[in-house]
Structures are given as structure tokens and as C-alpha cells.
Amino acid sequence: MTSQHALIIGAGVAGPVAALALQRVGIAATVYEAYPTTAHGVGASMGLAANGLDALDALGLREPVQQIGHRAPRMAMLNGSGRVLAEIANGLTLADGTTNLTVERADLYRVLHDEALRRGVRIEHGKRLAGIEERANGVLARFDDGTEARGDLLVGADGMRSTVRGMVAPDAPRPEYTGLVGTGGYVRGLDLDVAPETFHFVFGKRAFFGYQAIAPDRILWFANVPTPVEPSAAELAGRTQEWTTRLLVELFQADATPARRIIEASTENVDWLPMHSMAAPATWYRGRAVLVGDAAHVTSPSSGQGASLAIEDAIVLARCLRDRDELAAAFATYQGLREDRVRKVYDDAKRVNQGKAAGPVGRVLRDLLLPMFAKKMARPEALAWLHGHHIEFDQPVAA
């Protein structure tokens, strides 16, 4: 690939990883972020799967990310009556001991952002993309502050509400509300016996709840509440911590689980967010611009794979740009290598969301079938396609 400089739009997870992956194959990159400041200290907890960590290893980033994460190799699934439906592996533990992690988004952002800067990647803030213009010898990005940037290619890593996607694939599917709204928080000093390195998932009678002990005196938690109509931004902004506590205590008061105690003791709540998913467009690229991560496809948070798929995208794109002489061929190969996998994860997450919002009859069926399904999924070979996915960075990409 003869390209020498890439413009990357978005400095979340996919942007810095894409810049570092491109750097490794000899393509310099500048990252442009719409927000005027960094996102240090912003965001809640999230899952980072073993396959995402394995992909980060190609860039020497697995160890620093593991240091800020909390191992979660096991999971326990309970119903609202407190009955354990299944206790199984949480994903696949790789041969080298890599397993799924729970990380705080702000910590992951900080590690990726700081490492990109340390390795010489330039990140410019306050650069909201206004337009893209194709040139015979490159691409021009225009920003709403009146400035411009020129490069050989442009990578849209600007998330679910991507501006780049609107320009690359104007007919792409729009984000789809899943019928669930989520929030979460942290608890310190609660006297609660929680199995270490185990994420607990509770299919409550009226809502879904999850929690994990991430330190001897600290528990993180989240709740997914079935909500038929997506709340507006104004409605969500008015949900105070006191309002949240009252609502969640009411929703979980009939459940024989620790949910109510954890919620009542919580002092570090995070904002409410509607949960969305979004199918990938028919084509992920146009001209000299290409999409990665949530700009291309969104699996709901229920998949635990959003960040991991974005990382994989960035790694695969860099390999294709390295091994293909023509930009169009590189982009087409990249999409061809990614779209089936992304579609399968997307479909699996939709099925999980249906279980979280099950009605009375659905709950009975779920509780009957889940142990059998979990037993099947506990077999390593059942999860190898997802968590055991390995990208051999130095291996040439096949046509």
C-alpha cells in the first residue's frame, strides 16, 4: 500500500487503536476528535472479551490493558427468586490465561489515548467533521471550525452517531432502540459475600441486574430496565440518583437477590442510557473513506463485544492496507473478512436482549431452557468462534 497518511475521525476506542495499527504497517495517522477535551474520567464499566485482548497483543497493548481490568472468567446466572440457573465459564480462557475482563471505560480510554501519544500519534481535539472531499491524489476533511486536513485515506471511527457513515453509506441502517434502558454504579464497604472473579447476572421479575466484586470493598453493578418507548434526552437528564434509587428498589423489591441492597448502598451512579444496536451497511467504504467499530456496526452492550470488535476491525484494516496495492481492494478485503463475524455477534446480542425483557410466560420458558443452553455453551468449542478468534498480524492477507 502506497498511502502515507491517514485521517482518523474519532478518538474513542477504535480511533487510537486504528492509528497504532496503521503505524505498525508504515502508515502515519492523525486522530481528530469532535469534543474539545479528552474523555478522562468519563463513562461506566464495560466488558472487554478475550478476543479483544488477544487482538491488542498485536500492538503490545494487552498487558497495560489487563493491568487496569478486573478478571471475570466465570459467570453465575440467577432468576428473580434467587435460584441459580447456571454457573459456567464467562467466555473462553485462552491458552496463555487471557480471559474476559471488566474494565472502566475511562481507564481503557486513558491507556489507549496515552499510549498513542507516547508512540507519536497526533490527536487533535475540537475538530468536528463537517465534510469530506475526494481529490485525485487524496482526501480532504473539513471541520466546523474552518480548518482542513489532507490525507491519503480517511477512517471513520466516530461511533454510533458517525458523521462519516452518513457520508460513506447514506442509506445505512439507523441505530435501533432495543427496548432497554441501562444505568449502573459502584458500592463500597457493603457486607456482601460475592464470589471473586465472577460476574453475576440476575434475570429479575421486572428488570435485569448484574454485579461483580472488583475489589475486596468495591462492587460494580448495572441494571437494564425494559422500557417500550425510548426516553428523550431531556427525560434522561432529569433522572437524579434519588429518582434512580427509588425506581430500581421498586423494580427489584420482589426479587430474592442482592440487587436491592446493592442499589440502596450505591453512592456512585452513572447516567441512564438507552441501549441500541445497528446492523452494518451493505458497503463499509466509499472512495478513500472506510468505517470501523461502532461507526460501521453496533452490537448492543449485552454482547460484551462492542470494544473487542472495534479493536479487531482496526487490526484487520491495517493488515489489508499493508497487503493490498489498491485502496479499493484493501477496503473490500477488510469488509469481506469482518462482515460475517460482525453479523453473527449482532444476531446473538439481539437474542440476549429478548431474554432480558421476557414477560411472565417467557420467564418460565427461559428459566427452563437456560440451564440446558448454558451447559451447551460451557463447552470450549462452542465459544471458540467468538472468544478464541485470533488475528495473525504478520500473516499476509489472502485475496
Between helix 360-377 and the chain, what is the angle of the helix's C-alpha long axis to the longest principal axis, kept within 0 to 90° and rounded to the nearest 10? 60 degrees
Reach of K350 by Cα under 12 Å, taken over aspartates and glutamates that are not fewer than 8 positions away in the same chain: E176
Quick one: plug the Kirkwood hydrodynamic radius of segment 176-277 (C-alpha pairs) into Stokes-Einstein at 37 °C, 0.692 mPa s, and report D in µm²/s. 235 µm²/s
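Output the antiparallel fraction of DSSP beta bridges having both residues in the chain, as a percent to the nearest 5. Mind dumping the intermediate values first?
Working: 51 of 73 bridges.
Antiparallel bridges: around 70 percent, rounded to the nearest 5.
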For semi-axes √(5λ) of the Cα gyration tensor in Å, which listed value, (1) 50, 21, 16; (2) 32, 30, 19; (3) 37, 23, 20, comes from the coordinates shown? (3)
How high is the FRET efficiency between A237 and D340 when r is their beta carbon distance and R₀ equals 30 Å, given to the nearest 0.05? 0.15
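What number, in percent, do you get for the relative contact order of segment 176-277 if the mean sequence gap of Cα pairs under 8 Å and at least 6 apart is divided by its residue count?
Relative contact order comes out at 43 percent.
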Computed over the chain: relative contact order in percent, which uses C-alpha pairs under 8 Å that are six or more apart: 22 percent
For segment 1-159, the dipole about the Cα centre with charges only on Cβ (Lys and Arg +1, Asp and Glu -1), to the nearest 20 debye, works out at 200 debye
Going toward the positive end of the dipole of the chain, with +1 on Lys and Arg Cβ and -1 on Asp and Glu Cβ, which of G120, V164, S277 do you reach last? S277
Collect residues whose amide H, placed 1.01 Å from N in the peptide plane, falls under 5 Å from the amide H of K205; neighbours closer than 5 in sequence don't count. G80
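Each value in this text was obtained by applying a stated rule to the coordinates, not by laboratory testing. As the structure is a prediction and not an experimental result, all values here were calculated from the model. Glycine gets a Cβ as well: all are built from the backbone with ideal geometry, and neighbour counts include every protein chain shown.
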